Structure formats: C-alpha cells, structure tokens
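Data first, discussion second: the structure below is written as structure tokens.
The values are calculated or read from the model by the stated rules, or taken from the named source; none is laboratory data. The model shown is predicted, which means the values in this text are computed figures rather than measured ones. Glycine gets a Cβ as well: all are built from the backbone with ideal geometry, and neighbour counts include every protein chain shown. With ligands, DNA and RNA removed, areas are computed over all heavy atoms of the protein, side chains included. Shrake-Rupley method; radii C 1.70, N 1.55, O 1.52, S 1.80 Å.
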Amino acid sequence: MTSIGTGYDLASSTYSPDGRIFQVEYANKAVENSGTAIGLRCKDGIVLAIEKLVPSKLLVPGGNKRTQTVDYHVGVATAGLLADGRHLVGRAREEAAHWRSTYKEPIAGKQLADRLSSYVQAYTLYSSVRPFGSAVILGTFDHTGPALYMIDPAGNFFGYRGIAIGKGKQLAKTEIEKLKLDELSVRDAVREAARILHVVHDEAKDKDFELELSWICEASKNRHVMVPADIAADAEQFAQQALNPDEMED
Amino acid sequence: MSLKPGEVNLGTTIMAVEFNGGVVIGADSRTTTGSYIANRVTDKLTMVHDRVYCCRSGSAADTQAVADIVHYYCQMYSTQHGEAPAVKVAAAMFQELCYQNKDNLMAGIIVAGWDKHKGGSVYSIPLGGSLHKQPFAIGGSGSSYIYGYCDAAYRHNMTAEECVAFTKNAIALAMSRDGSSGGCIRLAVITEAGVERIFVPGNELPTFFEG
C-alpha cells in the first residue's frame, strides 16, 4: 500500500534519493484518513460541508466542530488532525486581523491563502518540528466575489471551483465534477453537498456522523455562518431521499 | 513649534477636494528655515502610487521620509496583491506611521486619490496621527486663514473645473496672509484616466482685496 521510507523518513529535513520528503507524505496520510470535507464555489457564494465522524455516543452533539470562521467573510473546513487544524485557523485569524489593522480593509482570500500556506510550508523545513497533519479548505467572499482555496500539509495551495479532502475524496471529486458549479445557486449546492457526503460515507466502517454545513452568500449577508437549521434539515432530507429513492416518505 | 538645528519647515498651505470621478489636490511652494525661504518652488504634492498622492506639511524631512516608506508599501501591496491599493489603504499606512511615531514626527498630511471601488477620496491626517475622511481637507499653517472662505465657498457635487477654481482661490488667499506660505500654486487633478498637473506661477495668482 504505502511505500516505506526506510531511513529517509526520519526527519522533514531529509530528502529521499528520488526527491521526496516522506514526513510530508506521512502528514498527508493523516488527512486521507479523516472524515471527508468538501467545498463548492457557486455563482453566488461558497458552501462548505464536512462529514464529521462521531467516534462515541457519549460525545455532546454539535461539539468539536471542524468548521470555523476566520474573519467575517472567511470560512474554514479542516481535515486531518483536529488540533493541528485548530492551530492553523488560529494563525489565519491572526493574519486576517493584522491585515485589517494595517490596511483597514478585509483580507482578500488569495492573500490569506498565500500567507497560511507559507506558514504551513515553514514547518516542512526543519527536523525540530513536524509538518501539520491537516489540510485546510478556505472559503472566502471578498470584493472579487466567492473564492475557494485548499492548502495541503506541504504548503501547496490552489484555487478551486470544487474540492474534496479526506477519506472519501476520490468518490466526492467524481460527484462534484458532475455538478455545473457556475450555474449552481448556494441553495442547491447545500443540498448537493449533503447528498455527496451521504454518498461517500461508509456506513459499515464508520457508524455515526454529523453533517456540518456552512455557507457564505447573500442570505448570510456575505458572512460565514452555519447553514440555518431548516435549510440544513431540508438538505439532509434531500440527501436521504437521493440515497434511498425507493423508500416512500409521508 | 521649535525646529531642530538645520531643520527645514514646510510652512505651507495644502488642500484636497473630492469630486465625482476623482480629486483635486493643491499646495503652495514655500519651504522655510526660520525666515529664510530655502526653496520657493517646492513640490509638496508627492506620489505614493499611480493614482494616490499626498500633500505634505510640517517638517520637510519627516514628511519626505514617511511618504517614501508609504510609497514602498504601496509598491509591495500592488505587486503582491495584483491591484493598486485603495486610497483608504494608503491612508491607513500613513496613519500607522504617523500615530506610532507621533513623538518623533511633525507631519500634517492629506492623502487623496482615485481608486476603482470608491472613486475619489480625501483623508486628512493631522499631527496626532488620527484619520479623517472628508469631502475636502485643508492643512498647514496657511489653512488657519481660509477656514471661513472654504466653509462658505464649498458646495456638494462640484465639477472638476469648479474644484480646481475653489482650490486655487483658497490657496491664493492663504498665501497672501500666511508668511510661511507663498511662491506659486501647484495643483493636480487625479482621475481614473491619470494625473493632470497644473502650475500657477506667482504672477498669475488669483487676486483679491489687497488693501
């Protein structure tokens, strides 16, 4: 399955003979083993959705969210080590706040993605620290419109129209590619996101999961908020019906 | 206000007025060291970016240093950001420097220009380092004498030509009453299309009651 580094994988500061940094690749494994997160850039906003796996029934519902807000207009979905994800969000908040204080304007999505990715990359340089074991989906809405970025543990970032990370990413990516994102409204995208996460969720391996849905759109006054309960419930129902089309519901 | 030995003062009258589509900025041209006029043809209108200028009053050295730093910041911003900084952003940069270094600076600056989001904007940053967005702003030692004239003559929605006349008249009046202001008037009209500089020599100044 995985190739073993054997001697070249002990530190971030070591290349393998074929030019790989194994510690960074291992960090990516942490992301690949986590619950799926997807982001969709629609014509009128951003939708973020997370399959938050619930390991124990004793956990308080709605806690340990993997969706967080950085500035009014920026939402973040993390995958991988939850604590690392929270740390990166903290850094992103500092960057956004510092930008506002210096330039008296909200930070543009691209600038924030650039800064955060530089930060992540710095932790891949030294043997005294470990790379972050999380990937971050950044959804923003600034004066240029909605934008979506993803930063991986290596510090690479790209802009996306649709993105999936985590264990179900291959299947989710296939589903996302079927969507006409440029014509999709956020309302429809919320339903599609819920549907896709239900499709990729493996009932056998991971029992319980919470569906975290958040958006940035006109209805949310261009701010990142969790999707209102009624719309989320509607999306959940749409997803269930799509999964079980033969079951009749009263 | 006591100057340090050798320090040179921009006695000054500076002004900026916003109109629909841009701004008009103007200044006199006198720099003094005590009563000696060190430069009688000074250009106090300094570019910090293609469509953002500042009008400098107070210590010549201090304002030049601050403007140079903001010019650098604006270049970095536009290179990294991919678009020109808004006037508000440039004004924020000036404010940060003027406020954090208020004990060591004597700088009264008016930031004015055009950006694609807000069109023309004028921001005043007086000695303490506060920031004030205004439809028009006046500054420098000569400005004291023209507050009444400006308040009476200003109207909303003036055209660019009317703003130029308003600015020219106001600065001329200040120059005739303030010993630290004089020489000629330098004006600039900043719009989306660019920066148009206007020079009014000392013998072509608008004349008013001279006694």
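Values for this structure:
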item: When residues of the range B:49-85 are limited to those that are within 14 Å of chain A (Cβ to nearest Cβ) and in contact (Cβ under 8 Å) with a residue 40 or more places away in the chain, the one nearest to residue B:114 (Cα to Cα); result: B:52
item: Filter result (at pLDDT 95 or above and acidic (Asp, Glu)) within the range B:1-60; result: B:18, B:28, B:43, B:50
item: Residues of the range A:178-237 satisfying the condition of being of a type in the set (S, T, N, Q) and open to solvent by less than 50 Å² (accessible area, probe 1.4 Å); result: A:185, A:214, A:220
item: Residue in the range A:157-166 that is crowded, with 24+ Cβ neighbours inside 10 Å and more than 25 Å from residue A:234 (Cβ to Cβ) present; result: yes
item: Whichever residue in the range A:97-153 is basic (Lys, Arg) and in a loop (DSSP other than H, G, I, E, B) and, among such residues, is nearest to residue A:21 (Cα to Cα); result: A:130
item: Pair list, Cβ < 6 Å and 6+ apart or interchain, from the range B:99-124 residues that are under 20 Å from residue B:194 (Cβ atoms) to residues that are among the polar types (S, T, N, Q) and surrounded by fewer than 22 Cβ atoms within 10 Å (Cβ to Cβ); result: B:114/B:191; B:122/B:134
item: Which numbered condition residue B:202 misses (of (1) small (Gly, Ala, Ser); (2) surrounded by fewer than 19 Cβ atoms within 10 Å (Cβ to Cβ); (3) at pLDDT 95 or above); result: (3)
item: Candidates A:100, A:66, A:86, filtered to the one that is within 14 Å of another protein chain (Cβ to nearest Cβ) and open to solvent by 10 Å² or more (accessible area, probe 1.4 Å); result: A:100
item: Residues that are at pLDDT 95 or above and not aliphatic (A, V, I, L, M), drawn from the range B:80-102; result: B:85, B:88, B:94, B:95, B:96, B:98, B:99, B:100, B:101, B:102
item: Boolean, residue A:199 is over 12 Å from the mean Cα position of the chain (by Cα), modelled with pLDDT of 95 or more and closer than 20 Å to residue A:240 by Cα; result: no
item: Residue check, residue B:40 in contact with a strand residue (DSSP E or B) (Cβ under 9 Å, 6 or more places away or on another chain), basic (Lys, Arg), open to solvent by 20 Å² or more (accessible area, probe 1.4 Å) and closer than 20 Å to residue B:186 by Cα; result: yes
